[in-house]
1. Which ones in the range 759-772 are open to solvent by 20 Å² or more (accessible area, probe 1.4 Å) and either in a strand (DSSP E or B) or in contact (Cβ under 8 Å) with a residue 60 or more places away in the chain (or both)?
2. So, of the residues in the range 581-620 that are of a type in the set (Asp, Glu) and closer than 17 Å to residue 493 by Cα, which turns out to be surrounded by the most Cβ atoms within 10 Å (Cβ to Cβ)?
3. Going through the range 1-19 one residue at a time, which ones are in a strand (DSSP E or B), surrounded by fewer than 14 Cβ atoms within 10 Å (Cβ to Cβ) and at pLDDT below 90?
4. Restricting to the range 430-471, name every residue that is within 13 Å of residue 502 (Cβ to Cβ), open to solvent by less than 50 Å² (accessible area, probe 1.4 Å) and of a type in the set (D, E, K, R).
5. What number of residues within the range 681-702 satisfy the criterion of being closer than 16 Å to residue 654 by Cβ and within 33 Å of the chain's Cα centre (by Cα)?
6. What single numbered condition from (1) out of contact with any Gly (no Cβ under 6 Å at 6 or more places or on another chain); (2) open to solvent by 30 Å² or more (accessible area, probe 1.4 Å); (3) at pLDDT 90 or above; (4) part of a loop (DSSP other than H, G, I, E, B) fails to hold for residue 334?
7. Output the residue which, of all residues in the range 539-556 that are modelled with pLDDT under 90 and not hydrophobic (A, V, I, L, M, F, W, C), is surrounded by the fewest Cβ atoms within 10 Å (Cβ to Cβ).
8. Here's a check for you: in the range 413-422, which residue that is modelled with pLDDT of 90 or more and hydrophobic (A, V, I, L, M, F, W, C) is surrounded by the most Cβ atoms within 10 Å (Cβ to Cβ)?
Amino acid sequence: MSLPTGTQLGPYEILALIGAGGMGEVYRARDPRIGREVAIKVLPAALASDADRLRRFEQEARTAGSLNHPNILVIHDIGTHAGAPYVVSELLEGQTLRERLGDGPLGQRKAIEYALAVAQGLAAAHDRDIVHRDLKPENLFLTSDGRVKILDFGLAKLLHREPAGGAGATSASAATATEMGVVLGTAGYMSPEQVKGQPVTHAADIFAFGAILYEMLSGRRAFWGETSAETMTAILREDALETPAGMAAPLERIVRHCLEKIPQQRFQSARDLAFALEALSGTSAPGAAAPVAAGPSQRRLWPALLVAAVVVAAAAAGFFAGGRVASRPFPSFHQLTFRHGYIPSARFAPDGQTMIYGAAWDGSAIQLFSTRPEGPESRPSGLPAADILSVSSNGEMAISMGKRYRGHVSSGTLAQVALAGAAPREVLEGVQEADWAPDGATLAVVRRVEGRHRLEFPIGKVLYQTEGWISHARVSPDGKLVAFLDHPVFGDDLGSVAVVDRAGKSRVLSSGWISAQGLAWIPSGREIWFTASERGNARGLWSVAASGGGGARLLLRMAGVMLLQDIYRDGRVLLNHDTGQLRTMCLPPGESTERDLSWFDWSFAQALSEDGKTMVISEQGEAGGPRYSVYIRKTDGSPGVRIGEGRAMGLSPDGKWVLSILQHTSPARLVLLPTGAGEGRPLSYGSFDYRGANWFPDGKRILVQAAEPGKATRLYVQDLAGGAPRAISAEGFGGSVITLDGKQVACTDPNGVGMLCPAEGGAPRPIPGLAAGEAVISFTADGQSSYVFRPGELPAQVYRLNLATGKRELWKELRPADPAGTRGITRVLVTPDGKSYAYHYSRFLSELFLVEGLR
């Protein structure tokens, strides 16, 4: 009998009956203590004496109450009234999915949106070892504000409490129970193992999910019979009904994969399923579980994420390849590392069972380790501060000692050492990349010489050079070609896949990539695999034919940062999965502790006003968009304000304008962006390719680093009133720090030596006391000293250097609170009075995987 309006259940006042079902009656009620309306589910007193029904009702409350996810109904309270138990939950406005399906099927976009939300809610439950066991359209609620909620965990069951023989009933009893709507599930959505009375796992929810997704798309049941018995027979013996016309092939594959008869052949987790759907949606729904760098609990989800990436790859590649990947077996992923830190490089040893990798664990310097797939342990090599570059066919390692990062670009001393163990023999300083030729005796290297990055093979023979930078140089299996990633802008990882032959003839195989890092040849030498992102998409693993032509073929896509490390001759792959951020820290004026002013995922500190109150941030990650974004942010922590596109440079002395370089154009262009009201305006001149810029103190001129067609970069003074830029340095010079009187510019010559160039032209002179590899940050207010540091070190030691005597004193030592995964501080900004500063650093947390079955 329904409770009348005004009835008190504990502190709650009944307002109206909402509905009734096999598990009780649901009322709208009011909690007068906080003025909130709630829903109350009451088990009728006549049934409360049923011990089994009471147990299931209490289990629903405990189970659902232990979950906290935006796609699962929130449980507030539990109690009893007149011998009848009740549970209090949030009050939802809207309709069930069953009611919505009464109007016909959903469009694919809306179906994917709802399905993604349900998959994410299930993932949260499955992470707690909770299985719903009665997922159906009646138990999915669509709120009026667009959310999806999973209802009724009354049939859920903690897996670790599963009796040895399973708690299911026989098929016959299941049919009877299903018609009552209480015990094991609902005919049409039960998994084959439920129908058979076998033990139930997460896979049962995946099957029900597939049936619901099919129904959302088609408007009809996936399995149907005149009776429950006929329906369950169809579940056991038949495939889902005919695929709806117009269903996208990748979406159909997801549905079919959910509805596999054998549990082990379905998606192995709801989180895998969510990632597959997310790839089709192009967005993350509220409550999405994103693989960001945080605590160990999040890092434990990465293996599941990698398996999900295979599914995503199959779905995405279907668009490119007309569905030909549907018959491919899913690759397997074996996690090799488990510690907290960054893995820059990893290679197979010649035996194929030993993997050598460099890692900076828990904030320590990079060291070499070896591991094997049969166990989780890694063995340190004992070599000091070394990273792996290549392993030859005869067991000789090429390593980088004392490796330092400046943004994405790293360099160190190239050394050789045997895998069997010996003292390393130093070969060459300032090497960024190295790879053994198949003969095991010759090395290809990448290094910077006279302001240009060049690829040499063998050492000393230049095959290719660029004003930008070169990464991931790998010699082909036949030794005739070197493949590499060609980056046009120093420090930025946008670029192209290219090859060069032994005669120095180069060609581009695939261009237009961002986040291009990681490259290797497949054993046959016919293809080159690489990891990179299309503009606006997550990084993927791609293949391009070594002969050129035909475009790139997608092999794998996943959220986060994926980095291809190596491919063994049997096709197995070493692959990183990283979470990465670039953080910006600042000490505002008048404060004693640093403030994190990072705005999104890749926040470059580009400029700091002289009073230390305003910062210019360049967002160059996923959130910044394919053309990057420029933000102004007050150092008091006020929200950032986007003012335009590009890579930010300097802030004008009056704080009204920001210089920005648009790197997506060719050549790169220079623009002025207003920090307040107003319109931006171009500053580019002719065919100059702009690489850097800053303001002179008078606000009427700018210093630019640019290159004319066919020439190396040099420094120019450009008048904002118009006219051609005026060169003040020879080719190969770079830099953008100007003295406060505007008379001199701190720069570097083609060999990287720090110099002072007269702003009006003339011979540069060395900066007294500036050590090799150090950079000038800014000048002191009195003009007598400069702040200097060595980019890429951790901690970063900032010195005040007297420009006349070369005498130095340590001014500040900078380091993040948690140094794990930090590759070094790469930029520091200091106000002339030394009272405020800012810096940024990149942080990566890595897991290394051995992958089999990619093709």
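The values are calculated or read from the model by the stated rules, or taken from the named source; none is laboratory data. Values in this document were obtained by computation on a predicted structure and should not be read as measured data. Note: ideal-geometry Cβ built from the backbone for every residue, glycine included; neighbour counts use all protein chains shown. To get the accessible areas, we keep the full protein, side chains included, count just its heavy atoms, and leave off ligands, DNA and RNA. Shrake-Rupley method; radii C 1.70, N 1.55, O 1.52, S 1.80 Å.
1. Here is the first cut: in the range 759-772, the residues open to solvent by 20 Å² or more (accessible area, probe 1.4 Å) are 760-766, 768-772.
Those that are open to solvent by 20 Å² or more (accessible area, probe 1.4 Å) and either in a strand (DSSP E or B) or in contact (Cβ under 8 Å) with a residue 60 or more places away in the chain (or both): 765, 766.
2. Ranking the candidates gives 619 first.
3. 19, the sole residue that qualifies.
4. Within the range 430-471, just 456 meets the criteria.
5. Looking only at that region, the number is 1.
6. So residue 334 meets the others, but not (4).
7. 549
8. Here the answer is 414.
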